[in-house]
Amino acid sequence: GDFRKEWKSIFKGILLRVFFMAFPSLTVLCLWEFTQHESVATVVLAIFTYLTVVALLAFGAYKTISTAQRSIKLYKSPAYLLFGDVHMLNRWGTLYVNFRASAYYFITPILIHIFVKGAFIALAQGSGKVQGICVFLVELAYLIYVAWIKPYMDKPTNGFNIAIAAVSMINALFFLFFSNLFGQPAYVSSIMAVVFFVLNAAFSLVL
């Protein structure tokens with residue numbers, strides 16, 4: 001009975017989850033397409049696809065924040081409408097269900113982080129050093145912010161996500177060396193490549 005009543009919002013919530021999962025890849029690929037100019041059709045398709053996903057996620061973030069603020073105003077708690085309204089939870093819950101109620105806004109920093117990182121990866125292909133420095137600074141800032149805010153529901157989940165951000169930052173640090181920013185000998189880069197592989201393989205196994 002509940003599914004029949006809410007199937008539309010559940011379906012929209014599933015689509016939103018798919019778009020959110022695809023957002024990092026779409027950011028890189030669609031923005032990268034702007035630098036290629038292979039054809040007008042591909043550029044138009046990239047623009048249309050990316051703007052559609054960005055608009056949907058941005059509206060979802062706005063809807064989450066506005067609902068939380070309305071809940072605070074009416075019930076003195078953001079959790080009342082965010083988690084008590086079944087329609088809201090089914091449709092937009094993907095964007096906030098992992099966070100504690102007081103960190104309902106955290107989807108906005110996540111989307112900004114994904115966009116900025118993806119933009120540097122896509123648009124700075126011609127300069128590996130600039131790309132490496134910018135991505136490292138973005139990952140470092142995000143790690144500090146996540147460790148400071150601790151937005152997730154409980155301590156283990158916060159630790160889990162801080163660890164992911166830390167590994168991403170370490171990977172970005174490796175990329176600084178791989179871009180030959182420091183002019184290190186080739187064998188140093190080779191050793192770091194092995195460490196890079198082992199670190200990520202071990203972390204993936206843990207995950």
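Among the residues of the stretch 163-183, those identified as among the aromatic types (Phe, Trp, Tyr) and closer than 17 Å to residue 120 by Cβ are 174, 175, 178. For the stretch 3-47, filtered to residues that are in contact (Cβ under 8 Å) with a residue 12 or more places away in the chain and more than 25 Å from residue 123 (Cβ to Cβ), the residue that is most open to solvent (accessible area, probe 1.4 Å) is 17. Among the residues of the stretch 80-100, those that are open to solvent by 30 Å² or more (accessible area, probe 1.4 Å) and under 23 Å from the mean Cα position of the chain (by Cα) comprise 83, 89, 90, 91, 97, 98, 100. Taken over the stretch 39-56, the criterion of being within 23 Å of residue 111 (Cβ to Cβ) and not in a helix (DSSP H, G or I) is satisfied by no residue.
With respect to the conditions (1) under 22 Å from the mean Cα position of the chain (by Cα); (2) open to solvent by 20 Å² or more (accessible area, probe 1.4 Å), residue 50 lacks only one, and its number is (2). In the stretch 53-72, the condition of being within 20 Å of the chain's Cα centre (by Cα), under 30 Å from residue 125 (Cα atoms) and among the basic types (Lys, Arg) is met by no residue.
Of the helices (runs of 4 or more DSSP H) lying entirely inside the stretch 84-200, those containing at least 2 residues that are in contact with a Gly (Cβ under 6 Å, 6 or more places away or on another chain) and touching a residue at least 12 places away in the same chain (Cβ under 8 Å) span 86-92, 155-178. If you go through the stretch 198-207 and pick out every residue that is surrounded by 11 or more Cβ atoms within 10 Å (Cβ to Cβ) and either hydrophobic (A, V, I, L, M, F, W, C) or farther than 30 Å from residue 161 by Cβ (or both), you end up with 3.
The values are calculated or read from the model by the stated rules, or taken from the named source; none is laboratory data. Just so we're clear, the structure is a prediction, and the values are computed from it rather than from any experiment. Neighbour counts are summed over all protein chains in view; Cβ atoms, including those assigned to glycine, are modelled from backbone coordinates with ideal geometry. Each accessible area value is taken on the protein alone, full model and side chains, heavy atoms only, with ligands, DNA and RNA left out. Shrake-Rupley method; radii C 1.70, N 1.55, O 1.52, S 1.80 Å.
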